[in-house]
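Reading through the structure tokens given below for one structure.
The values are calculated or read from the model by the stated rules, or taken from the named source; none is laboratory data. Only a predicted model underlies this, so the values are computations on that prediction, with no experimental measurement involved. Heads up, the Cβs are rebuilt from the backbone with ideal geometry, glycines too, and the neighbour counts pull from every protein chain shown.
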Amino acid sequence: MSEIRGEIDDPFVVAEIENPIVEVDKLSLYYGDTQALYDVDLAIPEREVTAFIGPSGCGKSTLLRSLNRLNDLVESARIEGNVRVSGADIYAPDYDVIDLRRRVGMVFQKSNPFPKSIYENVAYGLRIAGENRSSVLDESVEKSLRAAALWDEVKDRLKDNALGLSGGQQQRLCIARTLAVEPEVVLMDEPCSALDPIATVRIEETISELKNDYTIVIVTHNLQQAARISDYTAFFYLGRLVEFNQTQQMFTQPHLKQTEDYVTGRFG
Amino acid sequence: MERKFDHQLGDLKQDLLKMGGEVEESIALAMQALLERDDALIEQVISGGRRIDDWEIRIEEACLTLMATQGPVASDLRLLTTMMKINDDLERINDQAVNIAQRAQVLNTMPLLKPLIDIPRMGDLARNMVKDALDAFVRRDVDLAKDVGKRDEQLDGLRDQIFRELITYMHGATGRPDMIDRAIYLILVSRHLERIGDNASNIAENVSYLVDGHIVRHQKEDWWEERGDQSDV
């Protein structure tokens, strides 16, 4: 699995993935004149957890946002190369971005529930897709809240305002809201950075459960978190993918000194 | 960037190597006590053994503290786990040196069965294996580590030879129970030396993990030629 690609003077090590759901192909991204990503080649395995790590400004969040075209909202951003999800080029002119964002969901660093009831937060995605049958919505809300490990805590107060939940519960609510539209891939941008250790453990356990049904890609500054929850880890530095391999390999015997220095805290 | 953790690991390594030096010295003294029939050295080995036991516990505690507080990964993780394992092996080697001294204590009360030839060879071989295994650890020298592993076969061969020879002695010792006592104690010494070789080989195998992350235990035929049996007698 962890085959080394490239010549000896090529410093990049990228594992071959047999079951990719997302394929990033020579992706470069520019914000105006500034290049944020350089020729990133990466395949993300289906129903596994992949962690993106690297120092601030290394491009990991930019790449994550490219996977469901959130960078479209940045006027000066433009890309070269392409990204395929389940084989389809998501940057193709006729590609439906709304559908993409359903298939590739996003959970942000700061939880952002709507000022509505817990129930309506989770039902929101289906409602705007035109679903109004209460039996369908009820079932989806329960299923999503269970998958996000929140159901037992909120089942008796689904009509309460979501803003009354704790920070960790709000974040799990946002995960449930993302899951309600049945995405294939869930992107998470530092989902635990605003949470206390107990709430963090709950989210990490939720992520481990979710990978039975979903592909998870998580950006994290917490290296121990990447080591704990991910199956694969990608290390980025200065806009380049430096090393991508099984997490166990990355944290015991990384191929490259740069990765070694980062995971052991010698630079960063 | 020099981390505080680097200094802590460095200090731990120094302690481990000092302990290794003492363990080598213990083997030398125990063999000298046996070969020169010098009872004064026996007490020295036994009291040194207790000091090394304390040392082992201190090193293990320091390793566990660093594990808990630093969350080591990659080369830090490999170095720390390797040091914990070497610490274990050194303590066991030390126990074997104490065992040899205790056998010498009994043997020195009896006349010599025969001039000792293979046992001193085993002693030198075993002590050098320990020394070279530790050197291989310090220099991260996988070739030297492999060489230590190969030498374990010689040690096993000498032990087998001593077994055969002394069993023959015992067969011819009808009516001479004192000869049987002496032969059995010498067999035990050869057994202790052979175990020292096994522990030195373990240290050498850990060097492979330290350097390239490969665990070669139980598959050493791929790493060096197959070594002799490690079963307990």
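Odds and ends about this structure:
- Only one of the numbered conditions (1) farther than 19 Å from A:GLU243 by Cα; (2) modelled with pLDDT of 95 or more; (3) among the basic types (Lys, Arg) is violated by A:LYS60, and that is (1).
- Check on A:PHE251, within 27 Å of A:ARG103 (Cα to Cα) and either of a type in the set (A, V, I, L, M) or in contact with a strand residue (DSSP E or B) (Cβ under 8 Å, 6 or more places away or on another chain) (or both): no
- Search result, residues across the stretch A:145-192 that are β-branched (Val, Ile, Thr) and in contact (Cβ under 8 Å) with a residue 40 or more places away in the chain: A:ILE175, A:THR178, A:VAL181, A:VAL185, A:VAL186
- The stretch A:199-211 - residue that is assigned to a helix (DSSP H, G or I) and closer than 18 Å to A:GLU48 by Cα and, of those, nearest to the chain's Cα centre (by Cα): A:ILE207
- Among the residues making up the stretch A:176-198, those that are within 18 Å of A:SER111 (Cα to Cα), outside any loop (DSSP other than H, G, I, E, B) and under 11 Å from the mean Cα position of the chain (by Cα) are A:VAL186, A:LEU187, A:MET188, A:ASP189.
- Single residue of the stretch B:64-74 satisfying the filter (within 14 Å of another protein chain (Cβ to nearest Cβ) and in a helix (DSSP H, G or I)) that is surrounded by the most Cβ atoms within 10 Å (Cβ to Cβ): B:ALA74
- Hey, B:LEU77 within 27 Å of A:GLN225 (Cβ to Cβ), without any contact (Cβ under 8 Å) to a residue 12 or more places away in the chain, in a helix (DSSP H, G or I) and within 14 Å of chain A (Cβ to nearest Cβ) or not: yes
- Residue among A:ASP196, A:ASP231 that is free of Cβ contacts under 8 Å to residues at least 40 places away in the same chain and of a type outside the set (A, V, I, L, M): A:ASP196
- When each of B:ASP178, B:ASP147, B:ASP132 is tested for being within 18 Å of B:ARG92 (Cα to Cα), part of a helix (DSSP H, G or I) and more than 14 Å from chain A (Cβ to nearest Cβ), the lone residue that passes is B:ASP132.
- From A:ALA162, A:ALA176, A:ALA226, residue being at pLDDT 95 or above and over 26 Å from A:ILE118 (Cβ atoms): A:ALA226
- Residue among B:ALA183, B:ALA204 that is in a helix (DSSP H, G or I) and either under 19 Å from the mean Cα position of the chain (by Cα) or exposed (fewer than 15 other Cβ atoms within 10 Å of the Cβ) (or both): B:ALA204
- Qualifying residue in the stretch B:87-97 (condition: within 14 Å of another protein chain (Cβ to nearest Cβ) and within 22 Å of B:ASP212 (Cα to Cα)): no
- For the stretch A:123-172, a residue qualifies if it is surrounded by 13 or more Cβ atoms within 10 Å (Cβ to Cβ), part of a helix (DSSP H, G or I) and of a type in the set (Ser, Thr, Tyr), and the qualifying residues are A:TYR124, A:SER140, A:SER144.
- Filtered by the rule that a residue be within 19 Å of A:PHE235 (Cβ to Cβ) and at pLDDT below 95, the stretch A:11-24 gives A:PRO11, A:PHE12, A:VAL13, A:VAL14, A:ALA15, A:GLU16, A:ILE17.
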